[in-house]
Amino acid sequence: MASNTPESEYERENTECQTDRIPKPSKLENKIDAKVVNSKIQIKTNNKMRKPHLLYNNFGYKEELSRRVAVKREYGCFNYCFISVCLSFLLGLAIGIAIVGPPHRRVITPNFSSKKLVRINTSREEQRILNSVKYSDNVKLDDSSNPDRNVDRFATVSFTGPIDPHKHNKDVYPQSLTEDMKEILKDNKVTKHKLVISSVINSTLHVPSTDTVLYDNIFWGPEVENSMPQGYGENSAEIWEKYVDQSEVIKMEPGCGRMQNRLITFKDGIQACVRYRQNTDQIQGEIFSFYVARLLNLTNLAPSVVKVVDLKDKLWQGVANDIASAQWNTNRAVVLTQYIPSLESATIPEIFKPSTRHLNKYDVFKMSQKENITMEPNKQILLDKLRTKSIKAKKSIDNFDFIDAKLNKKTIDLFVELAQWSDLIIFDYLTANLDRIVNNLFNFQWNVNIMDGPAHNLARKMDSGLLLFLDNESGLLHGYRLLKKYNVYHSLMLDNLCVFRQRTVDALKSLHESSVGGKLSDMFHRKNNPVIRDILPPLPEKNAKVLHDRIGKVLSQIEKCTQTFSNR
């Protein structure tokens, strides 16, 4: 009689599991758990069993399988729809590209002449933000024969306007402005500024007329002076100062050069560039360079004014969060410079490049003769004699001291630019500005092509041809500290210049005879309140003395040119 031991019980159950994995309905009904009566499929676990076995409830898996097949078909329909939409989008995109054409093959509308971008110098240690592009005429932008032609050719110009060749043909100023406010944004005003010559010609042989290109051997004549753009004179500076005092900034965004500089927008839409520096000497250099330009009657600098960052001031209340984002410290002096639109980069004229690098009355005569038909030096040299190759004609040309000519527009524009360059060379020499022409001259020893690129921090207004002298923060302080290293480059340009503007020479003589330091101090105190004067120091006395000495050196160069090219 067999004993009912645990081992025999285990063997019987184990044998049953191995031989009959799907139990009979009678056994299934007795063993099913009441807690899982509603389950169609359940897993029974026996501690004595090594593997769980499946219990099927009335074989309901067939209905479950049918339901899954139906769901699968439904999702498959959605997948087909998604793929169809994607294919339709790709097909439409391909058709659009085929119709419009790729961007590099699009032809610009013919309402303005296509122009070519000029490559910039990339050897500069600190790169500026690009705001404008230099163009040259009669070059097609859609030329795909040379793919590298228009690559990396943006000009380095700070504090300039947007890149848009249409701007000089449109009203670029906010429409809500009054005529008085628009006046401060324009450099080609309606007011007349004809050159008046008095007591400058001691000879009775010739009196300068409106056709005089050059007189008294070294001065630009009325024909050039009367074609000069008026620029930003004292009236514009005063209007800008009053405007900023009464304005409120509503927007502040990155731009205008270095990292912490900002482009701000006033309530009525006018914009300004704000120069923020940790060192006050760069703020001093910017504003005192502007004051020197005012004393020299130079109109090539945009109106500027000093303000203090104070969140209690109405000027800054609306942009407190932007000031915090810019990481500006309060109670700091900043310079607000009028934002000038419609600018393009300016290149160094051929006459000042190393192959020539001089400008005197003979250069002016050759350029006038090359571009124009009629000419009359003061010795009554006829044009037919000038064109002959006789020795007599070649000798007689050395005796003239003025040039009268009917200039065409191309030559007038060239002389207007050269006249502004004569002011620029003098201004940069006086202030010892390192970040414009001196930068090109210094890097010429490593890059011989740098003189062919645009000048740093120099721009031209497209609507008038006015040259803008930008970014003058290195003048008068930082530049003076480095005179031993860079003065040779300043002198290189000045020593080869022998054609000047009469009004600039008169202003230099007036400043040299008086105290230029005293005049700058008076202007600084007159234009700035005690709060600003407490934060921003005046120009140091030793720097004013260096400026006075450099004015004397410019006058010495003018005297040298007078003696060199005199007919006596």
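The values are calculated or read from the model by the stated rules, or taken from the named source; none is laboratory data. Values in this document were obtained by computation on a predicted structure and should not be read as measured data. Neighbour counts are summed over all protein chains in view; Cβ atoms, including those assigned to glycine, are modelled from backbone coordinates with ideal geometry. Only protein heavy atoms, including side chains, enter the accessible area calculation; ligands, DNA and RNA are left aside. Shrake-Rupley method; radii C 1.70, N 1.55, O 1.52, S 1.80 Å.
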When the stretch 513-540 is checked residue by residue, the ones that are within 14 Å of Ile287 (Cβ to Cβ), out of contact with any strand residue (DSSP E or B) (no Cβ under 8 Å at 6 or more places or on another chain) and of a type in the set (D, E, K, R) are Arg526, Arg533
Unique residue being assigned to a loop (DSSP other than H, G, I, E, B) and open to solvent by 20 Å² or more (accessible area, probe 1.4 Å) when the list is Leu263, Leu311, Leu315: Leu311
Restricting to the stretch 437-448, and then to whatever is free of Cβ contacts under 8 Å to residues at least 60 places away in the same chain and surrounded by fewer than 22 Cβ atoms within 10 Å (Cβ to Cβ), can you tell me which residue is nearest to Ala346 (Cα to Cα)? Leu441
From Ser289, Ser325, residue being among the hydroxyl-bearing types (Ser, Thr, Tyr), touching a residue at least 60 places away in the same chain (Cβ under 8 Å) and either out of contact with any Cys (no Cβ under 7 Å at 6 or more places or on another chain) or open to solvent by 30 Å² or more (accessible area, probe 1.4 Å) (or both): Ser289
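Could you check the stretch 345-368 and list, in sequence order, the residues that are among the polar types (S, T, N, Q), open to solvent by 20 Å² or more (accessible area, probe 1.4 Å) and not in a loop (DSSP other than H, G, I, E, B)? Spell out how you get there, then give the answer.
Initial filter on the stretch 345-368 (among the polar types (S, T, N, Q)): 345, 347, 355-356, 360, 368.
Of the ones still in play, those that are also open to solvent by 20 Å² or more (accessible area, probe 1.4 Å) are 347, 355-356, 360.
Correct list: Thr347 only.
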Which one of these is open to solvent by 20 Å² or more (accessible area, probe 1.4 Å) and out of contact with any helix residue (DSSP H, G or I) (no Cβ under 7 Å at 6 or more places or on another chain): Asn297, Asn235? Asn235
Just the residues that are surrounded by fewer than 17 Cβ atoms within 10 Å (Cβ to Cβ) and among the β-branched types (Val, Ile, Thr), please, taken from the stretch 547-564. Thr562, Thr564
Scan the stretch 248-275 and report the pairs whose first residue is at positive phi and whose second residue is at pLDDT 95 or above and surrounded by 17 or more Cβ atoms within 10 Å (Cβ to Cβ), with Cβ atoms within less than 6 Å and a gap of 6+ or a chain change. Gly255/Leu263; Cys256/Leu263; Cys256/Cys273
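Within the stretch 334-344, can you find the residues that are open to solvent by less than 10 Å² (accessible area, probe 1.4 Å) and either in contact with a Lys or Arg (Cβ under 8 Å, 6 or more places away or on another chain) or over 19 Å from Ile250 (Cβ atoms) (or both)? Can you show your working first?
Our first condition is that a residue be open to solvent by less than 10 Å² (accessible area, probe 1.4 Å); within the stretch 334-344, this holds for 334-336, 338, 340, 342-343.
Scanning the stretch 334-344 gives Val334, Val335, Leu336, Ile340, Ser342, Leu343.
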Let me spell it out: the conditions are (1) in a helix (DSSP H, G or I); (2) at pLDDT 95 or above, and Leu476 meets all of them except one. Which number is the exception? (1)
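Table: residues versus (1) of a type in the set (A, V, I, L, M, F, W, C); (2) crowded, with 18+ Cβ neighbours inside 10 Å; (3) without any contact (Cβ under 8 Å) to a residue 12 or more places away in the chain.
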site	(1), (2), (3)
Val499	yes, yes, no
Ser514	no, no, yes
Ser521	no, no, no
Phe524	yes, yes, no
Asn529	no, no, yes
Ile535	yes, no, no
Glu541	no, no, no
Ser566	no, no, no
So, of the residues in the stretch 272-282 that are closer than 21 Å to Ala324 by Cβ and open to solvent by 10 Å² or more (accessible area, probe 1.4 Å), which turns out to be farthest from the chain's Cα centre (by Cα)? Gln278
Selection from the stretch 451-488 of residues over 20 Å from Ala419 (Cα atoms), over 17 Å from the mean Cα position of the chain (by Cα) and either surrounded by 22 or more Cβ atoms within 10 Å (Cβ to Cβ) or hydroxyl-bearing (Ser, Thr, Tyr) (or both) yields Ser474, Gly475, Leu476, Leu477, Gly479, Tyr480, Tyr486
